[in-house]
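See below for the structure under consideration.
The values are calculated or read from the model by the stated rules, or taken from the named source; none is laboratory data. This one's a predicted model, so the numbers in the text were calculated from it and none came from an experiment. Heads up, the Cβs are rebuilt from the backbone with ideal geometry, glycines too, and the neighbour counts pull from every protein chain shown. Accessible surface areas use protein heavy atoms only, side chains included; no ligands, DNA or RNA. Shrake-Rupley method; radii C 1.70, N 1.55, O 1.52, S 1.80 Å.
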Amino acid sequence: MGKALEGVKILDMTHVQSGPTCTQLLAWFGADVIKVERPGVGDATRGQLRDIPDVDSLYFTMLNHNKRSVTLNTKEEKGKEIFVRLIKECDVMVENFAPGALDRMGFGWERIQELNPRMIFASVKGFGPGPYAECKVYENVAQCAGGSASTTGHLGGVPLVTGAQIGDSGTGLHLALGIVTALFHRTVSGKGQRVECAMQDSVLNLCRVKLRDQQRLQHGPLEEYSQFGEGVPFGDATPRAGNDSGGGQPGRILKCKGWETDPDAYTYFITQAAVWKNICDVIGKPEWKEDPDFAKPADRLPRLNQVFGAIEDWTMTKTKFEVMAICNPLNIPVGPILSMKEIAEDESLRTTGTVVDVAHPERGNYLTVGNPIKLSDSPSDVVRSPLLGEHTDEILKGVLGMTDEEVAQAKEVGAV
Ligand code: COA
């Protein structure tokens, strides 16, 4: 069975995390992703957070699977010539340079369109048009500017960033969808188009429930937030809500057996209204099923501390996996807090290809996250990341039809 994006050629000018996440997804689906890197330098992440001297970092390897690497100096004359030929050959160009970098290189959108009207040109920037358009942006800046940090953390505490890379990987995901949408549209229009994703916008899109709450605040307190039951008045902006669930079914993180010594001995517990009676039975509070203070969801909202206190008295007598085993058959939504160690060792995630063991010629075996999007008819495998310039000759000859002599000349002048 063929891969879904087989035949699509991607000119990958991305670096660090946001852009590479996007092109890695496209590569998993079978696109030929040609990663362009500066000769002798490469993507800066090859050398960042290294765990083994002189070997590509896990930061790099885990974001650049299934790609081919070509070295090319796009600021050198001969390099520019080769770059023009690559632009003419490819379907999609993806970049996440600082604002203006491609224009300075001489390859703005107008030029790219002239060279290849069918080209889909996709970019990640920190901010969209406006006062911050020229800023360089990294993950946590986007989390802060996109509304995530102000709504994450505990009431009265400092704003917090999250471990999930919603600014970088989140924007990469958005961009990949923009690219396949533009590819689909091209089948009708015959033309390429520009796809732009700002990290601030992507983070905000993922935080849209908090903008929902901002508007609800104008009509009264947010009753499902714990601070409502605690009598803490609301201010004029969506507050930080600790581990309160973001939806209409109150939930919290609760201690489980062993929490005193194990930092991850916790469970998330959701008091879904539909199974309230099951919850009352499990935690040994059958009388709450009919008690007017607890029977209905609205009755419980001012008493969430009492409700979760009682549930926690029960969860503390069980391990997080026992809580899961008892609650699941009763349809009570719970989830163990899994450490990265537990995830790395989870056999079921290996079976589905979500966690994959990859062999690398320089670092040996390492673990990575496989494609989380599974298509029934289009397989997706994980191929190790390329070494710097590993496919330079192959691409210059195979994609551009350059002769051995031309390749040697390009090397001589430092173009590749
Ligand atoms: N040949 C020659 N020059 C190259 C090249 C190549 N193959 N590839 C890159 N360069 C040059 C660029 O043209 C640029 O040169 P210039 O500044 O002289 O115009 C330079 O390398 C560095 O690019 P830049 O993007 O400014 O890198 P940086 O390390 O200074 O900044 C970021 C990194 C991530 C902050 C910045 O790229 C950015 O803000 N990107 C957009 C938002 C983003 O994606 N952020 C998240 C990253 S995970």
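Scan region 137-151 residue by residue and report those that are part of a loop (DSSP other than H, G, I, E, B) and surrounded by fewer than 20 Cβ atoms within 10 Å (Cβ to Cβ). Explain how you work it out, then say what you get.
Pass one, region 137-151, residues part of a loop (DSSP other than H, G, I, E, B): 137-138, 146-148.
Selection gives Y138 alone.
Look through I343, I332, I337, I283 and report the one residue that is free of Cβ contacts under 8 Å to residues at least 60 places away in the same chain and surrounded by 15 or more Cβ atoms within 10 Å (Cβ to Cβ).
It is I283.
Within region 211-242, how many residues turn out to be in contact (Cβ under 8 Å) with a residue 40 or more places away in the chain and open to solvent by 40 Å² or more (accessible area, probe 1.4 Å)?
7
Run T368 past the list (1) surrounded by fewer than 14 Cβ atoms within 10 Å (Cβ to Cβ); (2) not in a helix (DSSP H, G or I) and report the number of the one that doesn't hold.
Result: T368 passes all but (1).
With the requirement that a residue be near the ligand (Cβ under 8 Å from one of its atoms) and either over 27 Å from the mean Cα position of the chain (by Cα) or without any contact (Cβ under 8 Å) to a residue 24 or more places away in the chain (or both), what does region 72-113 give you?
Of all residues in region 72-113, those near the ligand (Cβ under 8 Å from one of its atoms) come to 72-76, 79, 96-102, 104-105.
Answer for region 72-113, where residues must be near the ligand (Cβ under 8 Å from one of its atoms) and either over 27 Å from the mean Cα position of the chain (by Cα) or without any contact (Cβ under 8 Å) to a residue 24 or more places away in the chain (or both): L72, N73, T74, K75, E76, G79, A101, R104, M105.
Among the candidates A408, A310, A415, A325, single out the residue that is open to solvent by less than 60 Å² (accessible area, probe 1.4 Å), over 30 Å from F228 (Cα atoms) and part of a helix (DSSP H, G or I).
Answer to the check: A408.
Out of the residues in region 180-190 meeting the condition of being under 28 Å from S169 (Cα atoms) and not polar (S, T, N, Q), tell me which one is surrounded by the fewest Cβ atoms within 10 Å (Cβ to Cβ).
F184
Hey, any hits in region 207-226 for a residue that's part of a strand (DSSP E or B), in contact with a Phe, Trp or Tyr (Cβ under 7 Å, 6 or more places away or on another chain) and at negative phi?
no
Which members of region 58-73 meet the condition of being farther than 18 Å from D381 by Cβ and open to solvent by less than 10 Å² (accessible area, probe 1.4 Å)?
First, pick out the residues of region 58-73 that are farther than 18 Å from D381 by Cβ: 58-60, 69-73.
Within region 58-73, F60, S69, V70, L72 meet the criteria.
Identify, by number, the condition in (1) open to solvent by 40 Å² or more (accessible area, probe 1.4 Å); (2) touching a residue at least 24 places away in the same chain (Cβ under 8 Å); (3) hydroxyl-bearing (S, T, Y) that S202 doesn't meet.
Checking S202 against (1) open to solvent by 40 Å² or more (accessible area, probe 1.4 Å); (2) touching a residue at least 24 places away in the same chain (Cβ under 8 Å); (3) hydroxyl-bearing (S, T, Y), the one that fails is (1).
Check off (1) of a type in the set (A, V, I, L, M); (2) closer than 27 Å to P239 by Cα; (3) open to solvent by 20 Å² or more (accessible area, probe 1.4 Å) for A133 and give me the number that stays unchecked.
(2)
Among the residues of region 232-291, which ones are in contact with a helix residue (DSSP H, G or I) (Cβ under 6 Å, 6 or more places away or on another chain) and part of a helix (DSSP H, G or I)?
Correct list: A273, K277, N278, C280, P286, W288, K289.
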